[in-house]
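Working notes, structure below.
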Amino acid sequence: MTRILISLLVLLLTPAVAHASPACASVITGNGPSLHPEGVAYDPLRHRFLVGSVTHGTVSRVDPSGQARTLVDDPWLITTMGLAVDARRGRVLVTNADLGLADRSRPETTRAFAGLGVYDLRTGRVLHRVTLAAGAGHFANDVALGPDGTAYVTDSIAGTIYRVTPDGEASTFVQHPDLAQPPAGGWGLNGIAHVGDKLVAALSGAHKLVVIPLGDPRDVTTISAPIGAPDGLLALGRDRVVLVDNTANRVVEVRTRDRWRTAEVVRETAWPDKAPTTLTNTPCGVYAVAGRLDVLLTGGRSDEFVLRKA
């Protein structure tokens, strides 16, 4: 009887051990065949990072050794940019766009498509494919997730934030000329975070943040701060966000003391890796991904990417 009880205990405990939280590595050197991830998220149920792929349009799990294994390989996806994990509902959400550098890039979709794919977090099975916009002047960049499962997707060219319900119904949440791609170049809207009762998003070309109340999306305000060209954003509570500055290869923490009417830089860290883009929170703290986009944008390919603790 004792042996039977011990065997039962081993069987019961084995799944918990298999998914135990890994040790907190300060740096994980990732490896995957020319993935070039721009987006990163964290699956708290399996204690794995998830990364997208500018080149292959996939979503991959990254094990503690850094090896990337494909979770989502949907032919509908072209370039996978921003990622969000909805652990409560067992979903991973990923923006779909075309930068013109992907295996599935086509002239008719390059900078002319915005979509959101929703997939089963465990199996990668398709739950929803949502076309947000098609035609010249669209690029789905990042996605933020509200506690009710509503997704908010930025369009970096059209100056639009789309709203997608948990059952896949899409609508335009806000569209404003000040949020569009600047005439001088660079992105308009980029990273986005759900912060309390507001959305805070990056305006990369304008070197600003934009704040939009969820209850009144017509009330669009911008904040100027020494943040360079902000890319990915990550909320740290209601009064802080951390962001990647593309102009200076650094990670910057920004804080507000007046409910996002103004903001100030409270911490900045020079980044050892070239071209970091986005961030995610984990039990070990905040990590940024650097997907060797510097190599990709100059015509090369690399199998290496870096996840580094901020």
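Observations on the model:
- Of GLY39, GLY30, all but one fail to be buried (at least 24 other Cβ atoms within 10 Å of the Cβ), modelled with pLDDT of 95 or more and over 15 Å from the mean Cα position of the chain (by Cα); the exception is GLY30.
- Note on the range 166-188: residues that are of a type in the set (Val, Ile, Thr) and either more than 19 Å from PRO213 (Cβ to Cβ) or surrounded by 20 or more Cβ atoms within 10 Å (Cβ to Cβ) (or both) amount to 1.
- Members of the range 248-273 found to be closer than 16 Å to ARG292 by Cα, surrounded by 13 or more Cβ atoms within 10 Å (Cβ to Cβ) and either of a type in the set (Val, Ile, Thr) or in contact (Cβ under 8 Å) with a residue 24 or more places away in the chain (or both), listed by number: ASN249, TRP271, ASP273
- Members of the range 277-310 found to be crowded, with 19+ Cβ neighbours inside 10 Å and within 20 Å of VAL200 (Cα to Cα), listed by number: THR277, THR278, LEU279, THR280, TYR287, ALA288
- PRO177 out of contact with any Ser or Thr (no Cβ under 9 Å at 6 or more places or on another chain) and on the phi < 0 side of the Ramachandran plot: yes
- The strands (runs of 3 or more DSSP E) located wholly in the range 191-250 that include 2 or more residues which are under 19 Å from the mean Cα position of the chain (by Cα) occupy 198-203, 208-213, 230-235, 240-245.
- Filter pass, GLY57 being crowded, with 24+ Cβ neighbours inside 10 Å, on the phi > 0 side of the Ramachandran plot and of a type in the set (Gly, Ala, Ser): yes
- Candidates ALA84, ALA144, ALA133, filtered to the one that is in contact with a His (Cβ under 8 Å, 6 or more places away or on another chain) and in a strand (DSSP E or B): ALA144
The values are calculated or read from the model by the stated rules, or taken from the named source; none is laboratory data. Owing to the predicted nature of the structure, the values given are computational and were not obtained by experimental measurement. Quick reminder, even Gly has a Cβ in these numbers, built from the backbone with ideal geometry, and neighbours come from all protein chains shown.
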